[in-house]
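Before any comments, here is the structure.
The values are calculated or read from the model by the stated rules, or taken from the named source; none is laboratory data. Computed from a predicted structure; not experimentally measured. All Cβ positions, even for glycine, are placed from backbone atoms using ideal geometry, and neighbour counts span all protein chains on display. Note: areas computed on protein heavy atoms with side chains; ligands, DNA, RNA excluded. Shrake-Rupley method; radii C 1.70, N 1.55, O 1.52, S 1.80 Å.
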Amino acid sequence: MNALNPILDVWCELQCPDCRSALDDVRALRERYGDRLELRLRHFPLEKHKHSFAGAQAAEEAFEQGKGWPYVEKVLSRVEEFDRAGEPFLVEVARELGLDAEEFDTALIDGRHILIVDADQAEGKAIGVTGTPTYVIGGEPLDGGKSQEGLRQRIAEIADRLLAEQP
């Protein structure tokens with residue numbers, strides 16, 4: 001990926017129904033821009049969701065094992081099941097995707113991804129993220145937690161402008 005490509009940070013948590021609603025926008029943007037727009041998952045676990053911190057760590061493990069976005073999408077598509085089952089569900093989804101489920105389990109126990117999650121959450125708070133999903137592109141935060149309405153179009157407008165400004 002070209003280091004000059006615009007970056008869309010997607011502040012998300014895997015126990016959030018609004019983040020599930022945002023998946024259509026994320027997929028559409030990925031389809032429209034391919035690798036001309038870098039989509040980065042950023043973690044913002046919410047206290048009201050008791051499994052969200054584990055979900056963020058599991059997502060990091062999925063990215064490490066090469067299936068980050070498919071994992072995120074699969075967990076979000078079954079957010080109520082995740083809500084009920086908690087951490088065992090995260091390992092089950094890893095198994096369903098052919099990932100190393102034992103390694104997932106170990107990662108959740110040893111906390112190897114906690115620093116990444118903590119750093120994302122701290123950065124999110126510092127830039128004013130208060131809920132999920134929130135998008136940041138070209139330095140502009142867009143709060144999808146209040147409404148998804150028009151966000152995909154707004155993100156596309158900013159991405160198009162940033163791509164046009166590239167040397």
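Scan region 55-69 and tell me whether some residue there is closer than 26 Å to Asp160 by Cβ, part of a helix (DSSP H, G or I) and open to solvent by less than 60 Å² (accessible area, probe 1.4 Å).
Scanning region 55-69 turns up at least one residue that is closer than 26 Å to Asp160 by Cβ, part of a helix (DSSP H, G or I) and open to solvent by less than 60 Å² (accessible area, probe 1.4 Å).
Can you give me the number of residues within region 63-108 that are under 18 Å from Cys16 (Cα atoms) and small (Gly, Ala, Ser)? Here the count works out to 4. Selection of region 32-43 for residues being surrounded by 13 or more Cβ atoms within 10 Å (Cβ to Cβ) and more than 17 Å from Leu115 (Cα to Cα) yields Arg32, Tyr33, Arg36, Leu37, Glu38, Leu39. Among residues of region 149-167 that are in contact (Cβ under 8 Å) with a residue 40 or more places away in the chain and of a type in the set (Gly, Ala, Ser), those with a beta-carbon under 9 Å from a residue that is loosely packed, with under 14 Cβ neighbours inside 10 Å and part of a helix (DSSP H, G or I) at least six positions away or on a different chain give the pairs Ala156/Ala28. The residues on offer are Asp160, Asp143, Asp118, and the sole one that is of a type in the set (Asp, Glu) and within 17 Å of Phe63 (Cβ to Cβ) is Asp118.
Could you identify the single residue in Leu46, Leu29 that is in contact (Cβ under 8 Å) with a residue 40 or more places away in the chain, open to solvent by less than 10 Å² (accessible area, probe 1.4 Å) and in contact with a helix residue (DSSP H, G or I) (Cβ under 7 Å, 6 or more places away or on another chain)?
Result of the check over Leu46, Leu29: Leu29.
List the number of the failed condition for Leu99; all other conditions in (1) outside any helix (DSSP H, G or I); (2) open to solvent by 60 Å² or more (accessible area, probe 1.4 Å) hold. The number of the failed condition is (2).
Conditions tested, residue by residue: (1) within 22 Å of Leu46 (Cα to Cα); (2) within 18 Å of the chain's Cα centre (by Cα); (3) open to solvent by 70 Å² or more (accessible area, probe 1.4 Å); (4) not small (Gly, Ala, Ser).
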{"residue": "Asp120", "(1), (2), (3), (4)": "yes, yes, no, yes"}
{"residue": "Gly124", "(1), (2), (3), (4)": "yes, yes, no, no"}
{"residue": "Thr132", "(1), (2), (3), (4)": "yes, yes, no, yes"}
{"residue": "Val136", "(1), (2), (3), (4)": "yes, yes, no, yes"}
{"residue": "Pro141", "(1), (2), (3), (4)": "yes, yes, yes, yes"}
{"residue": "Ile155", "(1), (2), (3), (4)": "no, yes, no, yes"}
{"residue": "Ile158", "(1), (2), (3), (4)": "no, no, no, yes"}
{"residue": "Leu162", "(1), (2), (3), (4)": "no, no, no, yes"}
{"residue": "Glu165", "(1), (2), (3), (4)": "no, no, yes, yes"}
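Scanning region 78-94 for residues that are open to solvent by 40 Å² or more (accessible area, probe 1.4 Å) and either under 14 Å from the mean Cα position of the chain (by Cα) or on the phi > 0 side of the Ramachandran plot (or both) turns up nothing. Step by step: first the residues of region 72-126, then only those that are of a type in the set (Val, Ile, Thr) and in contact (Cβ under 8 Å) with a residue 40 or more places away in the chain, then the one that is nearest to Leu39 (Cα to Cα). Which residue is that? Among those residues, the one meeting the criterion is Val72.
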